[in-house]
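Scroll down for the structure; my scribbles are underneath it.
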Amino acid sequence: MKKLTPQSVLFFIPPILATLFGIYTVVQNGIPASVFYPNIIGILIGIILMLYLSNRWKDKRPTQVMQISFISLFLLLACFLFPGEHEVHRWIRIGGFGIEISMIVIPLALWCIYQLLHDKYFLHSIVLFAATVMILAFQPDASQTTALSLAGLVLFFKSKTDIKYRLASVVIAAVALYYVWTRVDLLDPIEYVEDIFEMMVSLGPVGIAGLFICSVALIVPFILMEFKRIETVRTLSTSFIVYLAASMIIAVFGHYPVMVMGAGASSVVGWYLMLSFVLRTL
């Protein structure tokens, strides 16, 4: 961002609002508020990253974009270096902490795919898309594979690329989704991570209203950025809206981590990373 304004500061608020309501929800269900402490850490890290990075995403050369792409893929592959739970490899473990890296990496991957498409590196973009969704599928992570696939398709179909690359993106997404949704996820859900929506609804009208307000608030900044004249901002905003909406909807129908509103720092940091890509022009 060029400078902090009342408008831009308001954009910081949705994860804070979601975290406060998450704390209220778990406390009302007899669970310690401390389970949401990682979200608070994620908010602090996310805001710092956003303020530092928002003006640094502009004018990246293709070689720099490809370097970021390699780093993103390396971080996803690094999950396989750590012991998995029931053959599920979604975390990089540091000491006693597990970082679900996909929710941090996917915003970077989407930005890289867009930049490569914009610079007409079509083959590189399709390879990056294929590699990312297939790694997620092999982890396996049905929620993030689906959300990334749909958000990635938005980028390919909104770009000025050949029809063959658009068709290739559809085939890649279809293969990854078929593979990941035909595998059985044996992980036991953690209620304040995967089942937070059910906990909120159990609070009655207050919970339902809070759930609706927080969900909408997390998407509104990207909807507002759709009105910007800069193509990069509009395209990425659409892709991020699809990614966030898909992640939330899938969590309703399965035991998958809920973006930002569930306990965990990774999705909060990822949300602020997405914001840094679209707020860079304010």
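Quick look at the values:
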read-out	value
Estimated dipole of the chain in Debye, rounded to 20 [Cβ of Lys and Arg +1, of Asp and Glu -1, Cα centre]	1460
Where N is the number of residues in the range 1-103, Cα Rg divided by 2.2 N^0.38 Å	1.37
Rounded Å value of the spacing that divides the Cα centres of the range 115-175 and the range 255-276	21
Protection-proxy order for peptides 211-217, 136-142, each taking the mean of Cβ atoms within 10 Å per residue, highest first	136-142, 211-217
Efficiency of FRET from Cβ geometry, GLN28 and VAL170, R₀ 45 Å, rounded to 0.05	0.55
Under Karplus coefficients 6.51, -1.76 and 1.60, residue-wise ³J(HN,Hα) of the range 216-227 in Hz, glycine/proline x	5, 4, 5, 9, 3, x, 6, 5, 4, 6, 5, 8
Spatially near lysine pairs across the chain, Cα under 17 Å, sequence gap of 8 or more or different chains	10
For the range 20-34, 3J(HN,Hα) per residue [Karplus equation, 6.51 cos²θ - 1.76 cosθ + 1.60, θ = phi - 60°, Hz, x = Gly/Pro]	4, 6, x, 4, 4, 5, 5, 4, 5, 9, x, 10, x, 4, 4
Potential extension, ASP119-GLU198 segment - 0.36 nm per residue separation minus Cα distance	24.1 nm
Net length gained if the chain between LEU51 and ILE94 were fully extended (0.36 nm per residue, minus Cα distance)	12.9 nm
Additional length obtainable on full extension of the chain from VAL216 to ILE163, 0.36 nm per residue less Cα span	15.7 nm
Average projected area [Cα convex hull, the range 223-282], square nanometres	4.2
Listed peptides 186-194, 127-135, 100-108 by packing density, highest first (mean Cβ within 10 Å)	100-108, 127-135, 186-194
Debye, to nearest 20: dipole size of the range 159-199, +1 on Lys, Arg Cβ, -1 on Asp, Glu Cβ	680
Given charges at beta-carbon only (K, R positive; D, E negative), |dipole| of the range 130-210 in Debye	760
Other-chain or far-sequence residues with amide H under 5 Å of ILE99's (modelled H)	ILE92, ARG93, ILE94
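Taken together, the values in this text are just the output of simple stated rules run on the coordinates, not laboratory data. Please read these numbers as outputs of a predicted model, since none were measured by experiment. Glycine gets a Cβ as well: all are built from the backbone with ideal geometry, and neighbour counts include every protein chain shown.
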